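Everything below concerns the one structure shown next.
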Amino acid sequence: MEFANHMILLAAVLFLASILATVITPRLGVPLLLVFLIIGLLAGEDGPGNIHFSDYPLANLAGTAALAVILFDGGMRTRMEDFRVGLKPAISLASLGVLVTAAVVGAFAAWLLDLGWAEGLLIGAIVGSTDAAAVFSLLHNNAVHLNKRVTSVLEIESGSNDPMAILMTLVLIAYLQDPEAFGALDTLWMLVLQGGLGAAMGIGGGRLLVKAINRLELSDSLYPLLALFGGLLIFGFTAVLHGSGFLAVYLAGITMANRRLRAAASIRRFHDGIAWMAQIGMFVILGLLASPSKLWPVAGPALLIALVLILVARPLSVWLALLPFRFPAREQVFISWVGLRGSVPIVLATYPWLANLENAALFFNIAFFIVLVSLLIQGWTVAPAARLLGLQMPASSALVHRIEFDLPGQRGYEIVSYRIGHDSSLIGLRHKELPLQDVSRVIAISRAGRLQAYRDWGALRAGDYVSLVAAERDLPQLDEVFRSARRPAREAEQRYFGEFHLDPAAKMADIADAYGVPPPSGANDLDVRGVFAKYLPNAVVGDRLRLGDIDLVVRRMDRDQITDVGLRLPHE
Amino acid sequence: MKLADILSVDRVSSGHTFTSKKKALEELSKLLSKGAPDVGSGDILNSLSAREKLGSTGLGHGVAIPHGRMPGVNESVGAFMRLKHPLDYEAHDGNGVDLVFGLLVPQNATEAHLKHLAAIAEMFSDENFCRAAREAADDQALHALLANFKPA
């Protein structure tokens, strides 16, 4: 009994400390995950907490389960339309990229630490994948706004490269345990089984789960739980059959995000919370597991390996993997820089312990140190790097509050609320004057903390909360209405997307004529859309084409069709 | 750039009411031709209309900046109209337009001329400036406001 009480108290203290840390850290620009890790370290044997924790199997279990949940949640946030631009490059990064990273880091580690090639490669494989939790949380941070190509590539990559790293780690461990009995065919078979089974079970399982959620009549609060344990079932079942459970839950999440799903909003909100809990729990436990006093002896070599990883292996692998996709150079540099390592390497570093490998302690401490360095150096500088490379876009929907509800009996409709800011130009308008789509309508206005009766609505004032019923597909447009009204946002937008609008069907020759700029060669008969298709296939919002002194900027897209183009003039 | 070099007081006018975008552009062309004596207002109208066909020059929030290149013009020429009632200008935000700044640049427009256009667009993206322009008492006051504008 005493033990249970102590454990509950301890867990509560660690979680509360982590949750409170989320209040302060965004202002410091520190990656949150690093803070969770440090809280774990402080609570551990070398910190004031002085908790002795070295249960590798338990840490492995917690880490694996948490990763499964985070990947499931990450998958549910991935929209199919992101796949259009991001999928192929991301898959290349997740396969070839991981291989190259692991090979370069492995060769260097083997040389530096005087290990066998397989042991060196094992270190490379352990730190081979980028971290979904770290990448997701950094890219959804309010300080960074990037174009869709970069975000979707980074997100899909980080969600889908863990299986490759895990696979390489497992193969290398199997080889190291018994080098005589392990052949090339075994490796190939493992690869096929892990990847093939993971993909099939993930997509199939995801569809089944959607069907189950939409068919079964349950109490409202059980749908999110059904989704969560359905996802874990997919993970467990796939993994028991020797497929990649990580790939399976990620794909299941994606499958669910792109189908009509009952209670979608509450499922999303629930998983958001669960994913937070998984992240905090995992990083705190992994922090507890490590002991800084054992990290110091390997600090020198580990730092060198981390630098090789960040400055050589990752850029090389990104360059090679993206070679066929002709990414702009500055986007490649940025993608290289956001090669954040996170929990996966630390979780993977517990595998050699479980397999009783000779150098397990060395692998763990080096991997842990590399993650610390990566989170510190790269995690801290993502926003400045985006600014430096000129990849920052004007904030999109971050400035408005949006609260989603499900309407019973309806799918695809939500209730959203927006706050009218002090600089909003909607102030003074009546609700009927708001430019809204036909089905969207204002249902409530609250002012000074009180819901107003319909006859008192009157003109909008600063600080009002406006609630609307809206179709899910109208939400981006609604965001635009409430955001474009903000003056600072408007100026930033004009600077980025240009002063004027052009019809995507306007002829290139006419534009060149109107502004006295040279038309691109061979593009005289094309319209704006055609020129983008020719010079920038797979364009995303924010992409630019230079035309003499002016820029053409993609302002808006509807799926893969450009619907609005900005014209950006030169500035003083 | 000083706007006073581009815009003279006789090319600022207010209180118009138009029934169509075309009529507004016609009137604007006449104003502009005061600053470009060698050019007929019909040619100016053609240039402005050709540009509008590529996409409305409405910036949103009630402002439009029709512009075009013009042979026979050596320096940028501006004209400004304040309308009494907002006019449907096919602006992308759907709002009617009541502040219209017209700009002609030389046929061999250089980067400097495009920067004039950018500076004018920036001026009209300032909400306080637009409010002041809507409240200015008469043409003189409007001209003074425009000519003395200093970006914040």
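The values are calculated or read from the model by the stated rules, or taken from the named source; none is laboratory data. Not measured: the values here are computed from a predicted model. Note that each Cβ is placed from the backbone with ideal geometry, even for glycine, and that neighbours are counted across all protein chains shown. Accessible surface is based on the protein model in full, side chains and every heavy atom, while ligands, DNA and RNA are left aside. Shrake-Rupley method; radii C 1.70, N 1.55, O 1.52, S 1.80 Å.
Conditions tested, residue by residue: (1) under 23 Å from residue A:382 (Cα atoms); (2) assigned by TED's automatic domain parsing to the domain that holds residue A:353; (3) in contact with a His (Cβ under 7 Å, 6 or more places away or on another chain); (4) modelled with pLDDT of 90 or more.
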residue	(1), (2), (3), (4)
A:15	no, yes, no, yes
A:21	yes, yes, no, no
A:27	yes, yes, no, no
A:32	yes, yes, no, no
A:37	yes, yes, no, no
A:45	no, yes, yes, no
A:62	no, yes, no, yes
A:67	yes, yes, no, no
A:71	yes, yes, no, no
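Scan segment B:106-117 and report the pairs whose first residue is farther than 9 Å from residue B:70 by Cα and whose second residue is at pLDDT below 85 and assigned to a helix (DSSP H, G or I), with Cβ atoms within less than 9 Å and a gap of 6+ or a chain change.
Hits for this filter: B:116/B:3.
Just one of A:326, A:268, A:262 is open to solvent by 10 Å² or more (accessible area, probe 1.4 Å), among the basic types (Lys, Arg) and farther than 26 Å from residue A:204 by Cβ; which is it? Spell out how you get there, then give the answer.
Numbers: A:268 fails: farther than 26 Å from residue A:204 by Cβ; A:262 fails: farther than 26 Å from residue A:204 by Cβ.
After ruling out the rest, the residue left standing is A:326.
It is to be established whether one or more residues within segment A:133-148 are at pLDDT 90 or above, among the hydrophobic types (A, V, I, L, M, F, W, C), open to solvent by 20 Å² or more (accessible area, probe 1.4 Å) and not assigned by TED's automatic domain parsing to the domain that holds residue A:542.
no
Taking residue A:303 as the residue in question, decide whether it is at pLDDT 90 or above, open to solvent by 10 Å² or more (accessible area, probe 1.4 Å) and under 20 Å from residue A:100 (Cα atoms).
yes
(1) under 34 Å from the mean Cα position of the chain (by Cα); (2) farther than 21 Å from residue B:60 by Cβ; (3) not hydrophobic (A, V, I, L, M, F, W, C): which one isn't true of residue A:440, the others all being true?
(2)
If we only count strands (runs of 3 or more DSSP E) wholly inside segment A:459-572, which ones have 2 or more residues that are buried (at least 17 other Cβ atoms within 10 Å of the Cβ) and at the interface with chain B (Cβ under 10 Å from one of its Cβ atoms)?
Once the strands (runs of 3 or more DSSP E) in segment A:459-572 are filtered for at least 2 residues that are buried (at least 17 other Cβ atoms within 10 Å of the Cβ) and at the interface with chain B (Cβ under 10 Å from one of its Cβ atoms), what remains is A:500-502, A:550-558, A:561-568.
Please determine whether any residue of segment B:44-53 is touching a Pro at 6+ places or on another chain (Cβ under 8 Å), in contact (Cβ under 8 Å) with a residue 24 or more places away in the chain and open to solvent by 10 Å² or more (accessible area, probe 1.4 Å).
Within segment B:44-53, one or more residues are touching a Pro at 6+ places or on another chain (Cβ under 8 Å), in contact (Cβ under 8 Å) with a residue 24 or more places away in the chain and open to solvent by 10 Å² or more (accessible area, probe 1.4 Å).
Using the structure shown, decide if residue A:64 is open to solvent by less than 10 Å² (accessible area, probe 1.4 Å) and out of contact with any Pro (no Cβ under 8 Å at 6 or more places or on another chain).
Spelling it out, it is not the case that residue A:64 is open to solvent by less than 10 Å² (accessible area, probe 1.4 Å) and out of contact with any Pro (no Cβ under 8 Å at 6 or more places or on another chain).
Of B:86, B:37, which residue is without any contact (Cβ under 8 Å) to a residue 24 or more places away in the chain, away from chain A (no Cβ under 11 Å) and over 13 Å from the mean Cα position of the chain (by Cα)? Can you show your working first?
On the way: B:86 fails: without any contact (Cβ under 8 Å) to a residue 24 or more places away in the chain.
Testing whether each residue is without any contact (Cβ under 8 Å) to a residue 24 or more places away in the chain, away from chain A (no Cβ under 11 Å) and over 13 Å from the mean Cα position of the chain (by Cα) leaves just B:37.
Residues in segment B:114-148 that are over 14 Å from the mean Cα position of the chain (by Cα) and either more than 11 Å from every other protein chain (Cβ to nearest Cβ) or modelled with pLDDT under 85 (or both): how many?
Here the count works out to 16.
Report yes if some residue within segment A:385-404 is at pLDDT below 80, part of a helix (DSSP H, G or I) and hydroxyl-bearing (Ser, Thr, Tyr); otherwise report no.
Yes, that holds for at least one residue.
Just one of A:2, A:81 is under 25 Å from the mean Cα position of the chain (by Cα) and open to solvent by 80 Å² or more (accessible area, probe 1.4 Å); which is it?
One residue alone meets the criteria, A:81.
Being facing chain A (nearest Cβ under 9 Å) and either within 15 Å of the chain's Cα centre (by Cα) or among the charged types (D, E, K, R) (or both) is the filter here, so list the residues in segment B:92-113 that pass it.
Of everything in segment B:92-113, those that are facing chain A (nearest Cβ under 9 Å) and either within 15 Å of the chain's Cα centre (by Cα) or among the charged types (D, E, K, R) (or both) turn out to be B:93, B:105, B:111, B:113.
May I ask you to say which residue of B:44, B:65 is touching a strand residue (DSSP E or B) at 6+ places or on another chain (Cβ under 7 Å), facing another protein chain (nearest Cβ under 8 Å), of a type in the set (A, V, I, L, M) and closer than 28 Å to residue B:136 by Cβ?
Among B:44, B:65, only B:65 is touching a strand residue (DSSP E or B) at 6+ places or on another chain (Cβ under 7 Å), facing another protein chain (nearest Cβ under 8 Å), of a type in the set (A, V, I, L, M) and closer than 28 Å to residue B:136 by Cβ.
Which count do you get for residues in segment A:163-183 that are assigned to a helix (DSSP H, G or I) and among the small types (Gly, Ala, Ser)?
Number satisfying all stated conditions: 2.
Every residue, every condition in (1) open to solvent by less than 20 Å² (accessible area, probe 1.4 Å); (2) more than 26 Å from residue A:81 (Cβ to Cβ), yes or no:
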| residue | (1), (2) |
| --- | --- |
| A:193 | no, yes |
| A:201 | no, no |
| A:205 | yes, no |
| A:209 | yes, no |
| A:217 | no, yes |
| A:234 | yes, no |
| A:254 | yes, no |
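What about residue A:144, is it of a type in the set (A, V, I, L, M, F, W, C), more than 12 Å from residue A:246 (Cβ to Cβ) and assigned to a helix (DSSP H, G or I)?
When the stated conditions are applied, residue A:144 does not pass them.
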